[in-house]
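Novice: This structure is in structure tokens; I'll ask about it shortly.
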Amino acid sequence: MHDDDFRARLRAFLVEHHPGRRPKDRTERLAWQKAWLAKLFDAGYAGPSWPREYGGMDLSFARQVIYQEEYAKARVPGPLGTGLGIAAPTLVKYGTAEQKERYLRPMLRGDAVWAQGYSEPDAGSDLPALRTTARREGDEYIVNGQKVWTSSGDIADVLFTLVRTGTPASRQHGISYLLVDAHAPGVTVRPLRDLTGDAHFCEIFFTDVRVPVADRVGEENGGWPLVRTSLGHERAAGAMNQAARYRRVLDELIELAHERGATADPLVRARLADFEMRVRIMRYTGMRTIADILARGEPGPASSTSRLFVVTFEQDLHEFAVDLLGPYGMLGRDDPHAVQRGRWVWGFLRTRASTIGAGTAEIQRNTIAEQLLGLPRDPAMPPSSR
Amino acid sequence: MIAFTEEQEDLRAVVRRFLADRADVRARLDSGEGHDLAVWRQLADQLGLPGIAVPEEYGGSGGGPVELGIVLEEMGRVLLPSPFFATVALVGQALTASGDDAAKSRWLPGIADGSLTATLAVAEESGRATDLTTTATGGTLSGTKMFVVDGHTADLLLVVARTGLFAVEGTAPGVTRTRLETLDRTRRLARIDFDGAPAVPIGESPPRKALDLAVVALAAEQVGGAQACLDMAVGHAKVRVQFDRPIGTFQAIKHKCADMLLAIEAARSAVYHAASAGDELPVAASVAGAYCSVAFTHAAKENIQIHGGVGYTWEHDAHRYLKRAKSSEQLFGAPAAHRARLADLVGI
Ligand SMILES: Cc1cc2nc3c(=O)[nH]c(=O)nc-3n(C[C@H](O)[C@H](O)[C@H](O)COP(=O)(O)OP(=O)(O)OC[C@H]3O[C@@H](n4cnc5c(N)ncnc54)[C@H](O)[C@@H]3O)c2cc1C
């Protein structure tokens, strides 16, 4: 099949089976999204980068990019939970045959939602400080402790967690990677409201939770190196998805600025032009990364800096949008006068998380400085932090 | 979008090696020309670089903006004072793109073999490339051009006038050239007064494309300059010890370096795209023009900061990069002007 045919077929599928408007009710929304993911999987359109043996599409890199672009344009629901990008590659690389067989397909089909239980109240950036313990008793671990800021924790079926199996002082040398059944006795999940007013993440308490040793991924006390596994290539293709999405968002913002007559102001025009420039550079960088991968099998340094580029962009963009709304920027999402159902104001709040979640911007800068530029390590930091 | 071919990577390596051996910037700054003619001859005779973006039928090697960009990036790294930028990047490209066969066969072979130097005269006393007052009538040109790169030495002057692009011999009657005192002493600028100087019209279309190509060429040079600043800063941060630690272990320093890299990588994306943009050149040139000069100035400032007192010292090269960066911001339109143009082009 030719690439263009592939694009056309995928697009046709996404348009024809589009699940329609997002239900407001949480429970309905979950069912709506699960139904969509199952349909995608059953039609053979799930997991663009995944091996076929786990139900994926095993696409060439060029096709992955097409997939991501079309997916972004189609405005269909994305994956549920946070397992796909992070836990799945870890399983593929380090999991046992049974673990792969048991867990990968249901994750991909959306039948089992996965959430990441790494962070703890006293272990955020300093993940090696984590204290949730797993004590071995025969062929089970007994897990006790607390996790926090767990995205999608409230809808999760499986929690991929880091737990302490070594001594309290063992830092990153005493950590194991454990898959915990979110419905097991002793697991308490409590939604945490975030500053947008939504409950996007949760806190999770473990009280004598029994986890089979067979659900440990990798060696006992050997969990730390697994933290960083992710699909570099998939991320690169995902960058095109993001560039496509922000192209659309910026066009909508420019439209809004025109409607409000704001583009007569040269300062507004200059700011919009700045975003235009950045959204284009975002795309150029994605294309460059792809060209590098196709030519050399490796993404260059730009793929590592592009995340910082994007998060700064999205924060600036949304804050500017709020400024553009003037006094309407003071209205919450539920007010009938809110402009475009409050999306810009919500985005302004939501993107505060961009420089915190999945490793803060400061930690990313440390990583870039040490790993890309070869600057000497900060003596206080573990060898490979998030 | 490009990933560089092996030939292109080889070109980069050859140019880098050549420049590393010869580009002692300081030695040539105070000569009358502002550059070293021997190096220019070597560039031409040994490497054939002046012909890099000239079509083969005119004696060049038939490359394009991509190859040229590679060379300029390397020259930007060492702040090479050289007629290369004006002759090859400004005029060579402008002539090649002009669609004027007579002009091409008259001047391109000389550019390609390095026997002819040239420059592009754009801005006027207003400092802008718009509202031009230079006019051509009956085969002669009158007006004043400012900030002309290497304008005091170039053999051939390509002049952007109200009605199009014109060629004037540098030593023609009616041409008065005055060297300007420049902030960036690695790039000489001149004022040129034309008083009924004999002029030849080039092509028929307005010279906008020549300007866009100039912007992209400059942006490539800026990426090289910014990268040199980052390299210097990182090198220093690894060896300079304070409080018993290399300063590179301090996050304040690490983060500055990481942010420099971010800006440089984004600038690279903008330039590499623009160099292969085709029909999208006007937009891509505006993006590159708006982003790259800011990135370079940022890197140049941070480099001085990371070097501390050493960075503020005349003997250290850091200040030369700052001066090149700040001057380059204005050379073919300030970042704000590029953003304004981008806004126009995309309908903001
Ligand atoms: C929306 C959202 C979703 C999240 N989802 C999940 C999830 O699903 N699963 C999960 O496990 N976690 C999740 N997190 C948690 C996230 O990973 C942590 O918040 C993050 O790692 C930072 O940790 P912290 O909040 O404890 O901040 P801290 O580590 O306390 O940092 C506070 C400040 O100090 C700075 N700082 C800390 N250490 C250093 C250092 N060494 N150098 C320089 N600066 C430093 C930080 O950059 C930050 O500015 C989520 C967070 C958010 C906001």
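The values are calculated or read from the model by the stated rules, or taken from the named source; none is laboratory data. Quantities reported herein were computed from a predicted structural model and do not represent experimental measurements. We place every Cβ from the backbone using ideal geometry, glycine too, and count neighbours over all the protein chains shown. The area values use the complete protein model at the heavy-atom level, side chains included, leaving out ligands, DNA and RNA. Shrake-Rupley method; radii C 1.70, N 1.55, O 1.52, S 1.80 Å.
Novice: What accessible area, in Å² to the nearest ten, does a 1.4 Å probe give for A:M240?
Specialist: Only protein atoms counted, so the area is about 10 Å².
Novice: If the range A:224-371 were replaced by its equivalent ellipsoid, with semi-axes equal to the square roots of 5 times the Cα gyration tensor eigenvalues, what would those be, largest first, whole Å?
Specialist: 32, 18, 13
Novice: Among the lysines, which have Cα under 18 Å from the Cα of B:K209 when same-chain residues fewer than 8 positions away are ignored?
Specialist: Qualifying lysines at Cα under 18 Å: B:K104.
Novice: What Kirkwood Rh does the range B:192-312 have if only Cα atoms enter the pairwise 1/r average? Answer in Å.
Specialist: Averaging 1/r across every pair of different Cα atoms and inverting gives 16.4 Å.
Novice: Further, regarding this structure: Restricting to DSSP H runs of at least four residues, report the calculated mean residue ellipticity at 222 nm for chain B, -39500 (n - 2.57) per run over all residues, nearest 500 deg cm²/dmol.
Specialist: On the way: 10 runs with 173 residues, N = 348.
Taken over chain B, the calculation gives -16500 deg cm²/dmol.
Novice: At 1.4 Å probe size, what's the solvent-accessible area of A:W149? Round to the nearest 10 Å².
Specialist: Only protein atoms counted, so the area is about 120 Å².
Novice: Compute the acute angle (0 to 90°) between the alpha-carbon long axis of helix A:3-16 and the principal axis of greatest extent of the alpha-carbon atoms of chain A; round to the nearest 10°.
Specialist: The two axes meet at around 90 degrees.
Novice: Nearest 0.05, what FRET efficiency do A:H18 and B:L47 give at R0 = 41 Å with Cβ-Cβ as r?
Specialist: 0.10
Novice: What Kirkwood radius, in Å to one decimal, follows from the Cα pairs of the protein assembly as shown?
Specialist: 28.6 Å
Novice: Further question: In whole Å, largest first, what are the principal axis extents of the Cα atoms in the range B:107-261?
Specialist: Result for the range B:107-261: principal-axis Cα extents of 73, 34, 27 Å.
Novice: For helix B:101-113, report the angle its Cα long axis makes with the longest principal axis of the Cα atoms of chain B; keep it between 0 and 90° and round to the nearest 10°.
Specialist: Approximately 40 degrees, to the nearest 10.
Novice: In the structure shown, do any of A:K34/A:K93; A:K39/A:K147; A:K93/B:K238 have a Cα-Cα gap over 28 Å, and if so which?
Specialist: Distance filter (> 28 Å) returns A:K39/A:K147; A:K93/B:K238.
Novice: How much accessible surface area, in Å² rounded to 10, belongs to the heavy atoms of A:T351 with a 1.4 Å probe?
Specialist: Taking all protein chains as shown, A:T351 has close to 10 Å².
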